[in-house]
Every structure is written in structure tokens, then in C-alpha cells.
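Report on the structure given below.
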Amino acid sequence: MTGTRPAGPQPPNAPAAGSAVAGSAVAGSGGVVEVRRAGMLTTVQDLGRPGWAHLGVPRSGALDPGALRLANRLVGNPEGAAGLEITLTGCELRFRRATTVAVTGADASVHVGERPGDVGRPLAVPAGTPVRVGPPRTGLRSWLAVAGGIAVEPVLGSRATDTLSGLGPPPLHDGGRLPVGAPAGPPAPVDVTPTVPAPEQVRLELRLGPRVDWFTAPALDRLFGTAYTLTPVSNRVGARLSGAPLPRAVSGELPSEGLVLGAVQVPADGQPLVFLADHPTTGGYPVVGVVVDVTPLAQARPGTTVRFYGPQRGSR
């Protein structure tokens with residue numbers, strides 16, 4: 001999946017094939033953004049590429065689609081325009097042309113040059129001025145939109161970076177450049193948008209199945225009745241949890257079968273794994289259930305307490 005990029009449908013505003021790629025960008029009609037500091041992991045994300053799982057392609061896209069949509073609305077973009085997903089350590093960018101940016105998601109410091117800016121508000125950026133997004137005070141990820149969107153070449157209709165398959169542009173690196181599209185509309189007339197603090201405990205609604213029969217009744221009691229901890233071995237592919245192991249009722253091997261966003265797979269060690277945006281499309285461990293909405297995990301740091309609830313077992 002990391003070789004030649006497959007052809008596919010293109011969004012109406014997609015640039016011509018080969019016109020811009022991350023790292024060696026050709027100036028788009030909105031100019032170029034230079035990456036002065038990429039941080040631990042900063043990727044290009046839009047709303048993903050759903051509909052390709054039958055070809056083994058994950059959906060990818062922003063881990064919190066609502067945060068990206070909001071950032072795009074603030075700068076006058078269509079909600080599905082590509083922006084940047086910034087993880088934990090922040091980043092620093094410089095825009096060659098005057099533009100407007102907005103940062104949403106985690107509560108983080110934002111500076112346009114020496115001027116402090118607010119999360120959740122459109123910010124005017126003069127040409128050549130650096131924009132710095134700091135590490136989150138709480139939470140884990142920020143999303144940055146720029147007027148016109150990040151205009152890297154689409155792959156299968158999306159500009160999203162897929163960290164598992166390698167589709168889309170690579171993660172940002174220091175010294176790289178990205179093209180910016182033409183602004184689609186004026187910034188939103190917003191003074192401030194309230195930020196939601198990251199919770200110390202994440203509660204996830206879980207619908208049991210398809211392989212719930214592979215687990216014992218005590219396993220389900222543990223799943224819904226005890227707390228789990230998000231481990232540091234978590235990323236855009238999945239959130240690995242640590243806690244009471246889930247004993248199986250069936251000890252055999254399961255043929256590889258399809259996986260969906262939010263699937264809770266249980267490997268041989270009995271520790272649940274919640275699949276996120278860059279999840280594989282198939283897997284061989286049994287899936288005990290599917291999380292209805294994985295968005296709360298986008299801001300969950302390692303060490304966060306995670307609890308499952310569902311109508312089948314009640315809310316505990």
C-alpha cells in the first residue's frame with residue numbers, strides 16, 4: 001500500500017494530478033505554508049475516504065471530525081477541506097501569503113508572530129508571519145484550518161494521511177512545504193468559541209457483537225463493570241487499554257474478518273483494543289463489540305480512565 005498511489009475519484013476542487021505533494025510543494029493559488037517545526041506528529045487530515053474498505057483501504061480522516069469542521073467554518077472553508085491534525089507537542093508554521101487560520105480541539109496556546117490568539121476563533125495572519133501552536137494544557141490534539149485548505153494531491157478522493165497504509169501525504173517534517181488552495185469565502189464573524197475541557201474519564205457506549213459468544217459471562221461483567229486505562233501504546237490506528245483481561249469461552253482461532261471504526265478487538269492477552277480512524281480493514285482476533293462514538297478518545301492521553309457502558313448491560 002506504500003507504492004504507487006491508486007487512481008480514484010477526485011473532489012471537485014482537487015488540483016491536477018501531480019501538482020502538489022507534501023515536502024516538495026508547488027505553490028497553490030493560496031500560496032505555500034512552510035513547516036518550521038513539525039512536532040511529534042502533525043498530519044494532513046480531512047473527513048477521510050470512507051467507502052473503500054472492500055479494497056482494504058481504511059477511512060482515515062480527522063480523529064475528531066467535528067473539531068475539523070468547526071475550524072474550516074471559522075476560516076470560510078467547506079467543512080471537508082483538508083487541515084492539519086497536531087498531536088501533543090504543537091508545531092510552528094509560516095505562511096508566505098497573508099491568510100486566515102483557526103485552531104480548534106485541545107486547550108493550547110496559539111501565537112501569530114508575537115501576538116497571542118484564541119482557540120476557536122479566526123486569526124488574521126500577515127504574510128511571512130509564523131504561527132505557533134503550543135502543547136495542549138489538557139487533551140492531546142489540535143486541528144488547524146487555513147483559508148483555502150491544504151491543497152495536497154488527493155488519493156481516492158481524500159487528502160488525509162493514513163498512518164497505517166501510507167496513503168495520502170506523509171506526516172509533516174521540519175523544513176517541508178505544503179500548498180494552500182484559494183480562499184472559498186470570508187472568515188466567520190465569531191468572537192470566541194468555548195472549548196470543552198478534556199475529561200479525566202472517558203465513557204464509551206458499546207454495542208455488543210459480532211463475536212460476543214466467544215467470551216464468557218464474567219468477561220462481559222468485567223468489560224462493563226471495571227475501569228480500563230489508556231496505554232502509551234496508542235495511536236491513530238487504535239487505543240490500547242489495560243485492565244481486567246477478558247476470558248474467552250472459545251479458545252480456537254478466528255479467520256480474518258472485516259473491521260469497522262470503533263470495533264473492540266480482544267487479542268490473546270485479553271486486553272481490549274478500540275480501533276480508530278486508521279484501523280485495518282480486517283483482523284483475526286474476536287470483536288466483542290463496537291463503540292458507537294470514538295471521538296472522546298481523540299483527546300484522551302495515556303493514563304486516562306476508560307469505561308464502557310451499553311443498553312445491554314446497563315450504565316455503571
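The values are calculated or read from the model by the stated rules, or taken from the named source; none is laboratory data. Predicted, not measured: the structure shown is a model, and the values here were computed from it. Here the Cβ positions follow ideal geometry from the backbone for every residue, glycine too, while neighbour counts run over all protein chains shown.
Brief remarks on what is shown
- Which listed residue is assigned to a strand (DSSP E or B), under 19 Å from PRO194 (Cα atoms) and not aromatic (Phe, Trp, Tyr), from ALA71, ALA106: ALA106
- Hits in segment 228-253 (condition: within 23 Å of GLY51 (Cα to Cα) and in a loop (DSSP other than H, G, I, E, B)): ASN235, ARG236, VAL237
- Of the criteria (1) in the same structural domain as GLN45 (by TED's automatic domain parsing); (2) modelled with pLDDT of 95 or more; (3) surrounded by 15 or more Cβ atoms within 10 Å (Cβ to Cβ), which one ALA244 fails: (1)
- When HIS173 is tested against (1) more than 26 Å from PRO296 (Cα to Cα); (2) in a strand (DSSP E or B), only condition (2) is not met.
- All positions within segment 44-68 that are closer than 28 Å to ARG301 by Cβ, touching a residue at least 60 places away in the same chain (Cβ under 8 Å) and assigned to a loop (DSSP other than H, G, I, E, B): ASP46, LEU47, GLY48, ARG49, PRO58, ARG59, SER60, GLY61, ALA62, LEU63, ASP64
- Residues of segment 188-218 classified as at pLDDT 95 or above, in contact with a helix residue (DSSP H, G or I) (Cβ under 9 Å, 6 or more places away or on another chain) and of a type outside the set (Val, Ile, Thr), total: 5
- Among (1) surrounded by fewer than 21 Cβ atoms within 10 Å (Cβ to Cβ); (2) more than 23 Å from GLY168 (Cβ to Cβ) - the single one THR100 does not satisfy: (1)
- Of the strands (runs of 3 or more DSSP E) lying entirely inside segment 254-307, those containing at least 3 residues that are under 14 Å from ARG240 (Cβ atoms) and modelled with pLDDT of 95 or more span 263-265, 273-275.
- Of the candidates ARG97, ARG59, the single residue that is farther than 24 Å from PRO189 by Cβ and either in contact with a Gly (Cβ under 6 Å, 6 or more places away or on another chain) or not assigned by TED's automatic domain parsing to the domain that holds PRO135 (or both) is ARG59.
- In the set PRO122, PRO58, PRO116, only one residue is farther than 19 Å from GLY30 by Cβ and surrounded by 22 or more Cβ atoms within 10 Å (Cβ to Cβ); that residue is PRO58.
- Within segment 15-54, the set of residues being modelled with pLDDT under 75, small (Gly, Ala, Ser), surrounded by fewer than 20 Cβ atoms within 10 Å (Cβ to Cβ) and closer than 28 Å to ARG132 by Cα comprises SER19, GLY23, SER24, ALA27.
- So LEU178, is it of a type in the set (A, V, I, L, M) and either assigned to a strand (DSSP E or B) or without any contact (Cβ under 8 Å) to a residue 24 or more places away in the chain (or both): yes
- For the criterion of being part of a strand (DSSP E or B) and surrounded by 13 or more Cβ atoms within 10 Å (Cβ to Cβ), ARG222 fails.
- Identity of the residue in segment 91-103, of a type outside the set (A, V, I, L, M, F, W, C) and outside any loop (DSSP other than H, G, I, E, B), that ends up nearest to the chain's Cα centre (by Cα): GLU92
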